[in-house]
1. Could you pull out the chymotrypsin sites (Phe, Trp or Tyr not before Pro) across segment 117-172 that fall in loop regions by DSSP (anything but H, G, I, E, B) with no more than 16 other Cβ atoms inside 10 Å?
2. Quick one: Met73, Met1, Met125, fewest Cβ neighbours within 10 Å first, how do they rank?
3. Over 19 Å between Cα atoms: which of Lys98/Lys127; Lys34/Lys327; Lys212/Lys255; Lys98/Lys327; Lys34/Lys255; Lys255/Lys327 fall into that group?
4. Could you give the DSSP H helices of the chain that reach 24 angstrom or more along their long axis (alpha carbon positions) and whose average Kyte-Doolittle hydropathy is no lower than 1.0?
5. If the cut-off is a Cα-Cα distance under 16 Å, which lysines reach Lys341, setting aside same-chain residues fewer than 8 apart in sequence?
6. Determine which aspartates and glutamates satisfy two conditions relative to Lys56: a Cα distance under 15 Å, and not lying fewer than 8 residues away in the same chain.
7. Positive end of the dipole of the chain, charges at C-beta (+1 Lys, Arg; -1 Asp, Glu), about the Cα centre: which of Ile134, Thr47, Thr195 has its Cα farthest in that direction?
8. So for segment 125-192, Kirkwood radius off the Cα pairs, Stokes-Einstein at 25 °C and 0.890 mPa s: how many µm² s⁻¹?
Amino acid sequence: MQQITLRTPDDWHLHFRDGDILSETVAATARCFKRAIVMPNLVPPVTNAAMAMAYKSRIVEAIPDGNNFEPLMVLYLTNDTSVQDIQDAKAAGVIAAKLYPAGATTNSDAAVDGIEALYPIFEEMAKQGMLLLIHGEVTEAEIDIFDREKAFIDRFLRKIVAEFVDLKIVFEHITTSDAVDFVVESPENVAATITPQHLLLNRNDLLVGGVKPHNYCLPVLKRNTHQQALREVVASGSSKFFLGTDSAPHEKERKENACGCAGCYSAWSALELYTHVFDELGALDKLEGFASIHGANFYGLAVNEGTVTLKKETWTVPEEIILPNGKPIVPFYAGQQVSWKLAE
Ligand code: NCD
Ligand code: ZN
């Protein structure tokens, strides 16, 4: 196949950040996605309706002229989140709330200690029809970083799913065969997003031949058997799995650092890289479901009206992009070739 046309896709998990960088990050996503679920891990985090609406308006201001991109806002859960916060957020148009176990990832220090304490909040979310988005990793120091996703399933997620049969739960950016199996075996109210990096790479791409800080993200890349499980499940066409880039920009100097930040800025190449993967898998016929249909259906939103077209054409991801503050950022897959290109 030399060309593929898809219903316009959505990105069900990304990080735009805030301030002048929005003119870069929002444009990069709006070039091909109609909607995106915007992660709330700002400093300070987006913990109430007013903050979510203020953030949304800053994002909307950064949308390029003539583009009809729509940000979908998310509340950041803390131990102080109240039932009223959920009701207010829902009334303001916030469609989901994010659970970060404290310390799990970038800007998650404010997050939740003792997940059971949030059960009344989950109950209210189910009542309000708000989705629960979960960063599924435990954070205890004694648990090996490669085992943290599986440990989260066993210690917390199984219980949450058993308890809240009416709550839609998205297990975000899954990375292991354990997570794939868990989602496949769970009831219909449980789904997952998968990033381009976890489909394309495994931990060898992080650690063999020198540390590759631009492939460092959380949850960390896993061994190749886990990568294969993710690839197989997207190729199966299961409607429980959909596109979430987890595009997460950090300036070059913060990635190439003695204590480098986690996150891959994939917005400039993500749709092309997913296409590349589905092509490798002989599953291009499953790409539209993954990118444009399963997520909208799970969220209970209409699928998009327009289309995007990709052509089989090799191009090279730029080595660097200069941010509005003048500093460079290294996009995901920098300097590497991608075999599909978005048509103008
Ligand atoms: C994200 C970030 O930088 O905000 N980083 C990452 O590696 N994915 C946080 C997150 O989604 O965990
Ligand atoms: Zn993320």
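Taken together, the values in this text are just the output of simple stated rules run on the coordinates, not laboratory data. What you are looking at is a predicted structure, and each value in this text was computed from that prediction instead of being measured. Glycine gets a Cβ as well: all are built from the backbone with ideal geometry, and neighbour counts include every protein chain shown.
1. Details: sites: Phe122, Phe146, Phe152, Phe156, Phe164, Phe171; in loops: Phe164.
Listed in order of number, the matching sites amount to none.
2. On the way: Met73 22, Met1 8, Met125 27.
Sorted ascending by nearby Cβ count, the order is Met1, Met73, Met125.
3. Details: Lys98/Lys127 16 Å; Lys34/Lys327 28 Å; Lys212/Lys255 9 Å; Lys98/Lys327 30 Å; Lys34/Lys255 29 Å; Lys255/Lys327 13 Å.
Flagged as over cut-off: Lys34/Lys327; Lys98/Lys327; Lys34/Lys255.
4. Values: long enough: none.
Result, helices passing both filters: zero.
5. Lys311, Lys312
6. Asp18, Asp20, Glu70
7. The listed residue farthest towards the positive side: Thr195.
8. Numbers: Rh = 12.2 Å.
The diffusion coefficient I find is 200 µm²/s.
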